[in-house]
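The values are calculated or read from the model by the stated rules, or taken from the named source; none is laboratory data. Just so we're clear, the structure is a prediction, and the values are computed from it rather than from any experiment. Because the Cβ atoms are built from the backbone with ideal geometry, glycine has one as well, and the counts that use them run over all protein chains shown. Quick note on the areas: whole protein, heavy atoms, side chains included, nothing else; ligands and nucleic acids left out. Shrake-Rupley method; radii C 1.70, N 1.55, O 1.52, S 1.80 Å.
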Amino acid sequence: MSKPLVRTQEGLPIILLVSAAMIVSLYADVPSSASEKMTPEELVARHLTSIGSAKARASVNTRIIAGTSLVVFRTPPPGQAAGRAVLASQGSKNLIGMSFPNPVYPREQLGFNGNSFIAAYVTPGTRSALGNFLMTHQMIFKEGLMGGTLSTAWPLLNLGERRPQLEYAGQKKSDQRMLHELKYRARGGSDLQISLFFDAETYQHVTTKYERVIPAPTGSVSYSNIEEREIHYMMVEEFSEFRNEGGLILPHTYKIKLSVDSQGGTFLADWEIKLTKFTFDEPIDPASFTISGD
């Protein structure tokens, strides 16, 4: 098995096997009639019902969810590794950890302790492309968006505390099914464009898309003959295989897809977590959510 590649943004590989444009095309607009319009509040209410009753949602204070993980690096040199995964959450605290039996990419540890977020180095002094992206855009964890409904931090569970700006953007067609799109803007603003997608029939949250484009510098650059170009970031979370766990309908497959297109080249990889063991209301040491940067 070939080893996966871990590089900083500056060392991103150049060849792109699957472009970000292909990811965007999965969420093409389709016409929607006035009868299909709804308010953000109505969509959120139906979504919360899809998770479980108000009593069931309020009864769970902590979650520890374990399973297997698979990472696939799709830009040269390609590689993949299989390992273990754990997700833990309590209130706004959120942890995602993956471990792999590979010296080049042994782990991915991402944690928000309620105050600060850290993505651990995967090898001394080096973060993965995923870790770098999340360190740059820490609001994804701080808003409770990462991990979707698998986490107690999921912001739609407590909009009164988060107070984001929500905009219903109609229905989209993706992979032969209809989805409701809800645009999410964090209080205080963000450079990211964030869209949440919900199944049009079940109202389960199935996708979150994060996108940021940094325009190329304008004007002449006298000290360089290198052509400047825009930087394009896209991360997509996908959730599927919903089943009942302790009175909550939760996804059992969780995928993360990351695409970075920059001056240094293009990076594309995805992570798939299969969740098999759900434990609720077990005590969690608060220190578990504080990740060491080493």
Can you pull the Kirkwood radius for the stretch 185-294, inverse mean 1/r over Cα pairs, to one decimal in Å? 17.9
Give Lys37/Lys257; Lys255/Lys277; Lys142/Lys255 a once-over and call out the pairs whose C-alpha atoms are over 23 Å from each other. Lys37/Lys257
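Counting Lys and Arg as +1 and Asp and Glu as -1, what is the net charge of the other residues whose Cβ lies under 12 Å from the Cβ of Ala153?
On the way: positive: Arg63, Lys93, Lys142, Arg162; negative: Glu143, Glu161.
My count for the surroundings of Ala153 gives +2.
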Please list, in order along the stretch 136-143, the HN-Hα scalar couplings obtained from phi with the Karplus expression 6.51 cos²θ - 1.76 cosθ + 1.60 (θ = phi - 60°), rounded to whole Hz, x for Gly and Pro. 5, 10, 5, 4, 4, 7, 5, 7
Residues whose built amide H sits under 5 Å from the amide H of Glu245, excluding neighbours closer than 5 in sequence, are Leu250
Using label points projected 7 Å from each Cα along Cα→Cβ, tell me how many nm separate Ala45 and Lys173, to one decimal. 3.0
With each label point set 7 Å from Cα along the Cα-Cβ vector, what nm distance links Ser59 and Asn158? 2.0
Which whole-number value in Å² is the accessible area per residue of the stretch 169-266, probe 1.4 Å? 47
In sequence order, calculated HN-Hα J values of the stretch 41-49 (Karplus, 6.51, -1.76, 1.60; Hz; x Gly/Pro): 5, 5, 4, 4, 4, 5, 4, 4, 4
Gap separating the Cα centres of the stretch 272-294 and the stretch 241-270, nearest whole Å: 17
